[in-house]
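The values are calculated or read from the model by the stated rules, or taken from the named source; none is laboratory data. Source: prediction; values computed, not measured. Cβ: placed from backbone, ideal geometry, glycine included. Neighbour counts: every protein chain shown. Surface areas here come from the heavy atoms of the whole protein model, side chains and all, with no ligands, DNA or RNA. Shrake-Rupley method; radii C 1.70, N 1.55, O 1.52, S 1.80 Å.
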Amino acid sequence: MGITPILVKDNISSYSDRPYLLITAGFLQIGYSSPVQDDITSDLSLTVSQYSLFGSLSNVGAMVGAIASGKIADCIGRKGALIVAAIPSIVGWLAIAFTKNALLLYVGRLLTGFAMGAISFTVPVYIAEIAPKHLRGALGTVNQLSITIGIMLAYLFGLLVSWRLLAVIGLVPSVLLLIGLCIIPESPRWLAKIGRESDFEASLRALRGPDADISVEEDEIKTAVEANQQQTRFKISDLIERRYALPLTIGIGLLLLQQLSGINAIMFYGTYIFKSAGVSSSKVANLGLGAIQVVMTAFTAWLMDKAGRRLLLMISAGGMAICLFLVGLAFFLETHVTAASDETPYSILALTGVLVYIVSFSLGIGAIPWIIMSEILPVNVKDVGGSIATLINWLSSFAVTMTVNLLLEWSTSGTFWIYALVAAFTVLFVALWVPETKGRTLEEIQSSFQ
């Protein structure tokens, strides 16, 4: 887990130099297991199945974090939930760094996974609730940018330092996160929801600047909160109502399809995918993959509020489908065509396909599902609905992580073709169901489902 403090100029008012300090979660943990596998299995005498369990336990912890984060964020606020997440992250990285056996290694992975799950829900919601509508997409993408930076740093430091020192590096951003939370305001929408009116106004003023006219935005938030409070107390059974069921289905669908299109299969086991493709310098290739992801995600942050969510999602998923098909084709041809050289034209096709897949993923599917989930859920169901959506995301991530080796043993080409079909279906899902949220306030988006 890591953080990226970013200063963004808000041009929503005359106080255009007002900075936003956004603390976003960057997951060095996602990239941690790939470059250190050989060293950890050697030092701790782990079997392949034991290391596979280590790799998948972060998803188990993330599922628990996803379930708990909604209630925590609802009770003690978005900042409070991030504080709760940062502490087990620090303890978890220390456990991994100083472990002498597999048990403590597993405990550390579970704790860091819990933090990852809690933050993956809380950060997009926090950003959506504090950002002005014309910057919300870009700032939401910054969260994904910090994740890609964390992955790239894991690959880079994995080439340079031991796995224990890499774990120590992993806890540093969590410490910085705790410090950063002391200087950023709480979500004004959460403050309005719990009736802390003076704190709500102070938070909104701090975010928009002392000279900004916040009256319109303030009235919109208050009106939405009052409308929700006039309704009967929310129950889980209410989720079957169309006004809740439709946005929740869209949010869950996007986060589910994000994982089932194979991204974690590539990121967790990238080194071995490249080796299977005949690429000898696989760790360097993984580092290049991480660097491409960072550059493309930064580009997407710039493009998000210009092109819109729907267009980027369809281009992204379509590109992923084509690339996954080509990767599967490369493995199919390599299996059936004998070559004298390890690095065949088919391995180059596979590597190119994987790299362009990462470009396509970073263009939309990587960041936008989290942004849309945080935008379309009404404030009175966001904590419950968002936790459910986040849980399903991590549950599907766990399923992909646990099944990818079995699928690759069954058929390498067939595995990538299955992922290609999922990506192709994502294009259809977006075209039929996902609304455009660019340039609309949260209240406008959520009222459209009434």
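Quick notes on this one:
- Pairs where the first residue, in the stretch 202-227, is part of a helix (DSSP H, G or I) and the second is of a type in the set (G, A, S), C-beta under 8 Å, 6+ apart: S203/S187; R205/A212; R208/S13; I221/A192; K222/A192; A224/S447; V225/A192
- Test result for L145, on the phi < 0 side of the Ramachandran plot, part of a helix (DSSP H, G or I) and more than 15 Å from the chain's Cα centre (by Cα): no
- Cβ-Cβ under 8 Å pairs, at least 6 apart or on other chains, the stretch 313-325 side touching a residue at least 12 places away in the same chain (Cβ under 8 Å), far side surrounded by fewer than 20 Cβ atoms within 10 Å (Cβ to Cβ) and not in a helix (DSSP H, G or I): none
- Residue in the stretch 160-169 that is in contact with an Asp or Glu (Cβ under 6 Å, 6 or more places away or on another chain) and closer than 24 Å to K79 by Cα present: no
- Residue check, E129 of a type outside the set (K, R), touching a helix residue (DSSP H, G or I) at 6+ places or on another chain (Cβ under 6 Å) and assigned to a loop (DSSP other than H, G, I, E, B): no
Residue-wise test of (1) open to solvent by 10 Å² or more (accessible area, probe 1.4 Å); (2) in contact with a strand residue (DSSP E or B) (Cβ under 8 Å, 6 or more places away or on another chain); (3) within 20 Å of L82 (Cα to Cα).
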| position | (1), (2), (3) |
| --- | --- |
| T141 | no, no, yes |
| Q144 | yes, no, yes |
| I147 | yes, yes, yes |
| L153 | yes, yes, no |
| L176 | yes, yes, yes |
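- Qualifying residues in the stretch 18-44 (those that are open to solvent by 60 Å² or more (accessible area, probe 1.4 Å) and closer than 18 Å to N286 by Cα) - the one modelled with the highest pLDDT: D39
- A single entry from M373, M304, M320 fulfils the requirement of being in contact with a Phe, Trp or Tyr (Cβ under 7 Å, 6 or more places away or on another chain) and either open to solvent by less than 20 Å² (accessible area, probe 1.4 Å) or within 22 Å of Y126 (Cβ to Cβ) (or both): M320.
- Index of the failed condition, T47 passing every other in (1) closer than 30 Å to K79 by Cα; (2) open to solvent by 60 Å² or more (accessible area, probe 1.4 Å); (3) modelled with pLDDT of 80 or more: (1)
- Within the stretch 25-80, being farther than 30 Å from I183 by Cβ and among the small types (G, A, S) holds for S33, S34, S42, S45, S49, S52, G55, S56.
- Subset of the stretch 118-139 that is within 17 Å of I83 (Cβ to Cβ) and among the small types (G, A, S) - its residue that is modelled with the highest pLDDT: A118
- Neighbours by Cβ (under 6 Å, 6+ apart or cross-chain): first from the stretch 352-366, modelled with pLDDT of 90 or more and among the polar types (S, T, N, Q); second surrounded by 24 or more Cβ atoms within 10 Å (Cβ to Cβ) and in a helix (DSSP H, G or I): S360/S316; S360/M320; S362/Q293; S362/T297
- First in the stretch 405-423 and open to solvent by 20 Å² or more (accessible area, probe 1.4 Å), second anywhere and of a type in the set (S, T, Y), Cβ under 6 Å, 6 or more apart: L407/T415; L408/T415; V422/S261
- Residue identified as surrounded by 24 or more Cβ atoms within 10 Å (Cβ to Cβ) and at pLDDT 90 or above among A86, A102, A97: A86
- Residue count for the stretch 178-228 under the criterion of being open to solvent by less than 10 Å² (accessible area, probe 1.4 Å) and charged (D, E, K, R): the result is 1.
- Subset tally (residues that are over 16 Å from T112 (Cβ atoms) and in contact with a Leu (Cβ under 8 Å, 6 or more places away or on another chain)) for the stretch 159-169: 1
- Search result, residues across the stretch 163-191 that are at pLDDT 90 or above and among the polar types (S, T, N, Q): S187
- For the stretch 105-132, a residue qualifies if it is farther than 28 Å from S203 by Cβ and open to solvent by 10 Å² or more (accessible area, probe 1.4 Å), and the qualifying residues are Y106, V107, L110, L111.
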